[in-house]
Amino acid sequence: MGKQIVKLTVNGEEHELLAEPRELLIHVLREKLNITGPHVGCETSHCGACTVDMNGRSVKSCTVFAAQADGAEITTVEGLGTPDNLHVLQEMFKEHHGLQCGFCTPGMITRAHRLLQENPNPTEEEVRFGMAGNICRCTGYQNIVKSILAAAAELNAAREAAQ
Amino acid sequence: MIPSRFEYYRPDDIRGALAVLNEHGDDARVMAGGHSLIPMMKLRMAEVPHLIDLQGIAELRGIAIDGAEISIGAMTTQHDLIAHAGLADAAPILREAALQIADPQVRYMGTVGGNVANGDPGNDMPGLMQCLDARFELVGADGTREVAARDFYEAAYMTARDDEELLTRIRFTATGAGYAYEKQKRKIGDYATAACAALISRDGDRIGSASVAMTNLSDVPVWSQAAGDALVGSTGDAAAIKAATDAALADIDPTGDNRGPVEFKKHVAGIIISRAIARALSRA
C-alpha cells in the first residue's frame, strides 16, 4: 500500500509525483504542487470551496483520490487569469462585489467558468441552479449571480465582435 | 479527513474487476463516482483495504436506445443522463429525477449504477427504477443474470447483488406515460425527506395504467401496487388521487431522524405523492 506515481496536467503544466492512493486531490494540489487557489472548506463535499475543473467537469477535489485523478487534466483558478491579466469572471466579480472575504471565490469562479462553457447565455435561474454546489456565507449570492451574468454578457459581446 | 490506507486498482475490463473482488472478498469494494463511498471512507465509517476504481472500464459506459428498449451503463453519470437528448425524449422522468440529485459537481461524478447498487434508502434512482420496472444486470464469475429493481432491495444497504458481483447495466422499456418525480428536501445536497415517482397513462377518459414508487420513506424503496390499482379505471379525479395517496401511505414505514419525526414524514409524503400523481396525470 505504498505510494504510487500520479501524473497530472494542471493549468497546462505536466506534473509527475508520488502520492498514496488515499491522498485527496485537494491536498496534492495545495501541499505538493503549491497550487493554493482551491481551498479546503467543509471537507464533506458540500461547500464547493475546493472546486477544480477535471477533464472538463467541475469536481470537488476533497472527494477525489489522488490515484483517481491519475492522468487527468486539471484547471484551477490560477489557470484562468493572473493578477495582471484577470479573467473576465474575475474582473466581473471585482466590479460587481461578487466577493467579500474571498474564501469561496476560487471555487465559485472555477465552477462559473465551466457553467458558461456549457451554457454561454444562462438566465438568472440557470446561474443559481448551476452554482448550487458552491456555498458563500458573505454575499447572500445576489452579487455573485450578477457577476456571472455580467461575465456571460461580456464574453458573448467579445465573441460577437470577433466574428 | 483522510481515509485509512488502501490498495488501489483501476482495471480496464469487467474481468479484471471481478478478479480483484474474488481474490479479496469482503476486503474489496468497487467504486463508481465515489461520492457516497469516499465520504464514508473519510469518516472511517467504511474501511476498504482494496479499492477497485471502475472509471477505466469502457463497457460500463454508454446509453443505448433501441426503439423502446433502453440500456444504460452503470458508469453513466447523472450529468450524462441529463445531457443525453435521446434519453430526455424516450424517458423524461430520468432527467427530471437526475436534476434533483445533489448539486452540479456531484452530478458530474455520481453514477446511476452507484446510485442503484449502493442500497442507500436516500438514493433517488432505486425508487425511480422500481417505478419504471427496470432490470439490473449483474455479472459475476459464474455468469450474467438479471434482477428486477422491484426484487433487488432487501434492507438498507442490503441488496440481491452478491459481494462478488458487479452491477453492470440497467435496462427498461420506455413508455409514453405521463411522468413526474417529486422530491422534498431540506436543502441542496440533502437526501429526500420524501420523494415519489409516478408514471400514468390514459385509456380514453379513464386511467389505463399507473405506477407509483417512493424514496426514503422505508429502509428500501417502495413500489406501491395498491396505489397504482387505486388509479387504474378511475378518471383521475380528486377522489382517485386521494385513494391512491392513502394506499401509498399504507405501504411506507418511515423512521424519525434529523429530517423530522414519523408524523411529519407521513404528512410530507402525502403531499409529495399527491403532487406526483397530479403532475403525471397532467402530462398523460
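The values are calculated or read from the model by the stated rules, or taken from the named source; none is laboratory data. This one's a predicted model, so the numbers in the text were calculated from it and none came from an experiment. Here the Cβ is made from the backbone with ideal geometry for all residues, glycine too, and neighbour counts use every protein chain on show. Side chains are part of the model used for accessible areas, which takes the heavy atoms of the whole protein and leaves out ligands, DNA and RNA. Shrake-Rupley method; radii C 1.70, N 1.55, O 1.52, S 1.80 Å.
Structure data summary
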item	result
Qualifying residue in the range A:95-105 (condition: more than 14 Å from chain B (Cβ to nearest Cβ) and open to solvent by less than 10 Å² (accessible area, probe 1.4 Å))	yes
Counted residues, the range B:9-32 - those being buried (at least 21 other Cβ atoms within 10 Å of the Cβ) and either of a type in the set (Phe, Trp, Tyr) or within 9 Å of another protein chain (Cβ to nearest Cβ) (or both)	2
Every residue from the range A:50-60 that is more than 8 Å from every other protein chain (Cβ to nearest Cβ) and either of a type in the set (D, E, K, R) or crowded, with 18+ Cβ neighbours inside 10 Å (or both)	A:50, A:52, A:53, A:54
Cβ pairs under 6 Å, 6+ apart, first in the range A:1-29 and without any contact (Cβ under 8 Å) to a residue 60 or more places away in the chain and within 10 Å of chain B (Cβ to nearest Cβ), second of a type in the set (Asp, Glu) and not in a loop (DSSP other than H, G, I, E, B)	A:1/B:7
Which numbered condition residue A:43 fails, given (1) within 14 Å of chain B (Cβ to nearest Cβ); (2) among the charged types (D, E, K, R); (3) not in a loop (DSSP other than H, G, I, E, B)	(3)
Matching option when the condition is out of contact with any Leu (no Cβ under 6 Å at 6 or more places or on another chain) and either surrounded by fewer than 15 Cβ atoms within 10 Å (Cβ to Cβ) or closer than 24 Å to residue B:1 by Cβ (or both), among A:150, A:161	A:161
Of all residues making up the range B:206-238, the number that are buried (at least 24 other Cβ atoms within 10 Å of the Cβ), more than 15 Å from the chain's Cα centre (by Cα) and among the β-branched types (Val, Ile, Thr)	1
Elements of type helices (runs of 4 or more DSSP H) contained in the range B:25-108, each with 3 or more residues being among the small types (Gly, Ala, Ser)	B:85-90
Residues of the range A:3-37 classified as of a type outside the set (A, V, I, L, M), touching a Leu at 6+ places or on another chain (Cβ under 7 Å) and open to solvent by 60 Å² or more (accessible area, probe 1.4 Å), total	2
So residue A:115, is it over 21 Å from residue A:43 (Cβ atoms) and assigned to a loop (DSSP other than H, G, I, E, B)	no
Check on residue B:89, within 14 Å of chain A (Cβ to nearest Cβ) and either closer than 21 Å to residue A:52 by Cβ or out of contact with any strand residue (DSSP E or B) (no Cβ under 7 Å at 6 or more places or on another chain) (or both)	no
Matching residues in the range B:148-191 - criterion: being open to solvent by 50 Å² or more (accessible area, probe 1.4 Å), within 22 Å of residue B:208 (Cβ to Cβ) and modelled with pLDDT under 95	B:175, B:176
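Quick grid of which residues meet (1) at the interface with another protein chain (Cβ under 10 Å from one of its Cβ atoms); (2) crowded, with 23+ Cβ neighbours inside 10 Å:
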residue	(1), (2)
A:39	no, no
A:48	yes, yes
A:62	yes, yes
A:70	yes, no
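Yes/no per residue for (1) farther than 19 Å from residue A:109 by Cβ; (2) not aliphatic (A, V, I, L, M):
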{"residue": "A:11", "(1), (2)": "no, yes"}
{"residue": "A:39", "(1), (2)": "no, yes"}
{"residue": "A:66", "(1), (2)": "yes, no"}
{"residue": "A:71", "(1), (2)": "yes, yes"}
{"residue": "A:75", "(1), (2)": "no, yes"}
